[in-house]
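Since the structure comes first, as structure tokens, the remarks are kept for the end.
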Amino acid sequence: MRRCVYFILQTVLLAGCVSSSDGTMNRSLDSFRGESACYNRETEPYTAVVDTHLHYRPFDGKAIPFDEMNTYLSRTSVRFVNVYGIGQMLPANSSCSDYSKCPGIPVLPTTRNDFVNAENMLASAPDDLHLTLSMTFTDLSNPESTIALMALYEKEYPGMFHWMGEVNLVKQAQFNNHHVPASPQNIEQWADFMVELRVRNYPITIHSDIGNDANPTYYLHLMEKALARYPDNKIVWAHMGMSYQQTKMKASEHIAILSALLDQHPNLMLDISWRVLDDYYFSKKENQPLYVAFMNQYSERILPGSDFVAFRGNSYEVYQRELNATGRIHQYLDDNAFRNIVLGENYFKLLNLDYQAPAVCL
Ligand SMILES: [Zn+2]
């Protein structure tokens with residue numbers, strides 16, 4: 001990889017760029033600090049400059065080393081990233097690494113991964129990427145200790161965390177590993193930490209399955225309750241509520257649910273991370289125009305992400321593949337939506353970051 005400066009005759013603007021080994025031209029972090037050359041969608045990547053959903057830590061703690069993960073990112077279009085732990089971990093003394101193959105073994109919320117991420121940030125924050133540390137420890141079905149732990153994080157790592165999540169309201173994939181959905185009563189019990197999140201201006205990313213193929217909207221009431229109870233919080237709904245348990249919902253029904261909630265709750269945003277969305281929804285021929293129209297309409301309410309998990313065995317190639325899959329739909333967005341979602345404008349506004357997305361070339 002080498003750094004370079006290229007000259008855009010059309011706009012007579014200089015922009016930093018980084019060329020990767022495969023020859024694609026990726027922009028530097030610095031190029032987002034102010035006005036920059038317009039973005040040429042024909043020659044520059046369709047993958048996003050922001051990955052708002054990246055798990056730097058896996059369930060079993062055996063991770064791709066932090067510096068190595070960052071070098072993977074540097075080779076892609078991504079310059080801004082949310083550093084998620086994974087809140088839920090296998091027991092420290094377990095030999096299981098894939099919870100889905102170990103039913104009965106608990107996968108439960110813990111602070112371990114967040115502390116490792118914070119220590120890594122202190123030791124070697126990269127200068128060519130903008131990393132946002134996220135608290136992922138919160139147990140939404142057992143929330144009493146959350147506020148005290150937030151205070152502990154602030155004491156140990158003042159000013160370093162700026163996000164909460166991904167946290168699980170209901171995640172059916174972990175039902176065999178002791179995860180229980182938060183109840184409506186539990187959602188009431190979030191009140192103290194939700195106030196604290198508002199005060200600190202942290203968004204919270206919530207994983208909450210809409211339902212499953214047998215009962216398509218079985219769990220929807222939980223997300224509806226959370227949104228109604230905390231309308232002033234910046235809530236990001238992970239994966240548009242989808243999962244491997246639900247791959248057959250009609251696009252029109254899915255979009256109707258999302259549209260209604262976006263209309264009712266102005267602070268709600270959707271995270272389109274995880275390839276399950278492209279594999280089972282966006283890429284279907286009859287669905288794609290519907291989802292593209294939806295994303296164009298609600299373009300200020302959508303955040304991109306890979307949902308990559310930095311398991312030790314995963315490689316740069318796997319990361320790039322996930323980025324391509326989750327970004328495939330970007331190619332069909334209109335220029336306004338492309339700038340808001342893919343070029344980072346929504347993310348910069350959400351976090352009040354002093355960065356700006358380039359305009360798309362006409
Ligand atoms: Zn995730």
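General remarks:
- Taking the Cα centre of the chain as reference, the dipole from Cβ charges on Lys and Arg (+1) and Asp and Glu (-1) amounts to some 360 debye.
- DSSP-loop trypsin sites (Lys or Arg not before Pro) across region 257-356, with at most 14 other Cβ within 10 angstrom: Lys284, Lys285, Arg312
- Considering only Phe282, His162, Phe311, the residue lying farthest towards the positive end of the dipole of the chain is Phe282, judged by Cα position with unit charges set on Cβ.
- Cross-link table Lys171/Lys234; Lys171/Lys349; Lys101/Lys250, entries beyond 23 Å C-alpha to C-alpha: Lys171/Lys349; Lys101/Lys250
- With at most 14 neighbouring Cβ atoms within 10 Å, loop GluC sites (Glu not before Pro) (DSSP) excluded, longest segment of the chain: 43-285
- Cα-centred dipole magnitude for region 158-229, charges only on beta-carbon of K, R (+1) and D, E (-1), debye, nearest 20: 140
- Chain lengthening between Asn215 and Val195 when straightened (0.36 nm per residue, less Cα-Cα): 3.9 nm
- The simple spin-label model puts a point 7 Å past each Cα toward its Cβ; for Thr247 and Asp279 those points are separated by 0.6 nm.
- When region 45-350 is described by a simple charge dipole with +1 on each Lys and Arg Cβ and -1 on each Asp and Glu Cβ, the residue from Ala214, Met269, Ala148 located farthest towards its positive end is Ala214.
- Charge tally in the Cβ shell below 12 Å around Val360, where Lys, Arg are +1 and Asp, Glu are -1, Val360 excluded: -3
- Part-to-part distance (alpha-carbon centres) for region 318-338 and region 31-104, which is given in Å: 15
- Taking every DSSP beta bridge that has both ends in region 45-350, the antiparallel portion is near 15%.
- Simple spin-label estimate for Lys155 and Glu68 in nanometres, 7 Å along Cα-Cβ: 3.5
- Of the trypsin sites (Lys or Arg not before Pro) found in region 35-114, the ones in coil according to DSSP and having at most 15 other Cβ atoms within 10 Å of their Cβ are Lys62.
Each reported figure results from applying straightforward, stated rules to the coordinates on display, with no laboratory input. The structure presented is a predicted model; accordingly, all values stated were derived computationally and were not measured. In this analysis, Cβ positions are derived from the backbone assuming ideal geometry, glycine residues included, and neighbour counts consider all displayed protein chains.
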